[in-house]
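Chemist: I'd like to ask you about the structure that follows.
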Amino acid sequence: MSELCRKRLATQLAEAVAAALRADLASHERALLVVSGGATPVPFFQALAERDLPWERVQVTLADERWVPEDSAESNARLVREHLLQGPAAAATFVPLTTADPTPEQGAAAVAERLEPLAWPASAVILGMGGDGHTASLFPDSRELALALTTEAAAVAVRTPSQPQPRITLSADRLHQARRHFLHITGGDKRAVLAQALAGDDVRELPIRAFLACPLATYWAP
Ligand SMILES: O=C1O[C@H](COP(=O)(O)O)[C@@H](O)[C@H](O)[C@H]1O
């Protein structure tokens with residue numbers, strides 16, 4: 001049953017995101033979509049790829065990325081290429097968040113430069129959330145959490161003791177600027193974390209709280 005629910009959820013989210021892109025493309029030449037990685041978005045990517053959109057006018061980037069090669073099983077870019085940029089959606093412009101530099105600290109400036117020409121503010125940001133309340137790569141134990149929550153820079157390199165790889169994340173400021181925000185989560189554990197986040201206000205404890213103050217269309221299924 002939960003598999004069917006998650007599929008329906010992904011379809012409904014894809015319809016809402018496609019509508020957002022269509023609305024912005026009616027008045028702008030290009031529209032930017034910011035997606036998250038992890039396991040949850042796969043059926044959403046597949047459903048969105050099937051939408052009838054002028055994909056050649058759509059730009060796609062990531063909310064965050066592990067600093068790994070694109071062919072790594074851990075790469076969010078690989079996930080986007082394999083599940084979203086398929087069929088007509090392959091005509092979209094995809095801007096990944098990694099470079100050939102050995103560390104995200106060395107690559108962050110080049111990534112920021114690559115992001116600048118995109119059609120900001122993004123039409124939509126689809127956030128995920130981990131069981132620790134992280135979203136994008138804003139983790140409770142990231143050394144650069146305070147920086148990522150306050151900087152006006154587009155992207156921040158982050159080191160997180162709980163995570164095996166260094167990462168790069170869009171800053172909270174850049175994510176906040178989007179015209180629409182969606183949260184895509186599944187399962188009872190994440191519902192409980194969201195309920196906990198809604199009941200408090202310390203962003204450093206549960207970074208998802210940074211996005212609860214403005215409209216956050218929440219898509220949840222068991
Ligand atoms: O590490 C990450 O995790 C979150 C949630 O992933 P999920 O597998 O639990 O869906 C994701 O939003 C983020 O982009 C990703 O880098």
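The values are calculated or read from the model by the stated rules, or taken from the named source; none is laboratory data. Given the structure is predicted, the values throughout are model-derived calculations rather than measurements. Don't worry about glycine lacking a Cβ; one is built from the backbone with ideal geometry, like all the others, and counts go over all protein chains shown. The area values use the complete protein model at the heavy-atom level, side chains included, leaving out ligands, DNA and RNA. Shrake-Rupley method; radii C 1.70, N 1.55, O 1.52, S 1.80 Å.
Chemist: Ignoring any ligand, DNA or RNA, what whole percent of the accessible area of the chain comes from carbon and sulfur when the probe is 1.4 angstrom? If you can, show how the numbers build up before the last one.
Modeler: Details: 4990 of 9630 Å².
Here carbon and sulfur together make up 52 percent of the probe-accessible area.
Chemist: In addition: Restricting to bridges with both residues inside the chain, how much of the DSSP beta-bridge set is antiparallel, in percent to the nearest 5? Mind showing how you got there, number by number?
Modeler: Details: 8 of 26 bridges.
Beta bridges within the chain, antiparallel portion: roughly 30 percent.
Chemist: Ok, one more. Find the centroid of the Cα atoms in region 142-188 and in region 1-49, then give the distance between the two in whole Å.
Modeler: Here the two parts' Cα centres lie 20 Å apart.
Chemist: What longest region of the chain stays clear of GluC sites (Glu not before Pro) that DSSP places outside H, G, I, E and B and that have at most 10 other Cβ atoms within 10 Å? Present the calculation step by step, with values, prior to reporting the outcome.
Modeler: Working: sites that count: E29, E152.
Looking at the chain, 30-151 is the longest stretch - no exposed GluC sites (Glu not before Pro) with at most 10 other Cβ atoms within 10 Å.
Chemist: Here's something else I'd like to know. Tell me, what HN-Hα J-couplings in whole Hz come from the Karplus equation 6.51 cos²θ - 1.76 cosθ + 1.60 at θ = phi - 60° for each residue of region 50-58, using x for Gly and Pro?
Modeler: For region 50-58, the Karplus-derived couplings read 8, 6, 7, 9, x, 4, 5, 9, 9 Hz, x marking Gly and Pro.
Chemist: Can I ask one more? Label points 7 Å out from Cα along the Cβ direction at L4 and A146: separation in nm?
Modeler: Each label point lies 7 Å from its Cα, and together they span 5.1 nm.
Chemist: Next question, about the same structure. Just the number please: accessible area per residue for region 1-220, 1.4 Å probe, all protein chains included, in Å².
Modeler: Details: 9560 Å² over 220 residues.
Accessible area per residue, region 1-220: 43 Å².
Chemist: For region 1-220, just say rounded, prolate or oblate: build the C-alpha gyration tensor, square-root its eigenvalues into a ≥ b ≥ c, call rounded for a/c under 1.5, and beyond that prolate if a/b exceeds b/c, oblate if not. Spell out each step's value before the answer.
Modeler: Values: a/c = 1.41, a/b = 1.10, b/c = 1.28.
It is rounded, given that a/c, with a ≥ b ≥ c, falls under 1.5.
Chemist: Turning to a different aspect of this structure: Grab the Cα-Cα distance for A109 and E82, subtract it from 0.36 nm times how many residues apart they are, and report the gain in nm with one decimal. Please list the in-between numbers first.
Modeler: Numbers: separation 27, 0.36 × 27 = 9.72 nm, distance 2.68 nm.
Between A109 and E82, full extension yields an extra 7.0 nm.
Chemist: While we're looking at this one, here's another question. Under the 0.36 nm per residue contour assumption, what length would be gained going from the current alpha-carbon distance of Q163 and A73 to full extension? List each step's numbers first, then the result.
Modeler: Values: separation 90, 0.36 × 90 = 32.40 nm, distance 1.52 nm.
The span from Q163 to A73 would gain 30.9 nm if fully extended.
Chemist: Give the calculated FRET efficiency between L198 and E15 to the nearest 0.05, with a Förster radius of 25 Å applied to their Cβ-Cβ distance. Show your work: numbers first, answer last.
Modeler: Numbers: r = 25 Å, r/R0 = 1.02.
Efficiency, from the Cβ-Cβ distance: 0.45.
Chemist: What are the radius of gyration and Dmax of region 1-120, computed over its Cα atoms and given in Å?
Modeler: Every Cα atom of region 1-120 included, Rg and Dmax give 14.8, 46 Å.
Chemist: Could you give me D for region 177-222, from Stokes-Einstein at 20 °C and 1.002 mPa s, where the hydrodynamic radius is the Kirkwood radius over C-alpha pairs? Units µm² s⁻¹, please. Mind showing how you got there, number by number?
Modeler: Numbers: Rh = 11.1 Å.
Taking Rh from Cα pairs, D becomes 192 µm²/s.
Chemist: Under 5 Å between amide hydrogens, which residues at least 5 positions from T218 or on another chain qualify, with H placed 1.01 Å from N in the peptide plane?
Modeler: Amide H to amide H, under 5 Å and 5 or more residues apart or across chains, T218 pairs with L183.
Chemist: Within the chain, which is the longest segment that contains none of the trypsin sites (Lys or Arg not before Pro) sitting in a DSSP loop with at most 15 other Cβ atoms within 10 Å? Walk me through the numbers on the way to the answer.
Modeler: Details: sites that count: R143, R179, R204.
After excluding every exposed loop site, the longest remaining stretch is 1-142.
Chemist: Further question on the same structure: List the residues whose amide H sits under 5 Å from the amide H of S137, counting only those 5 or more places along or on another chain, with H placed 1.01 Å from N in the peptide plane.
Modeler: So S137 has HN proximity to L170.
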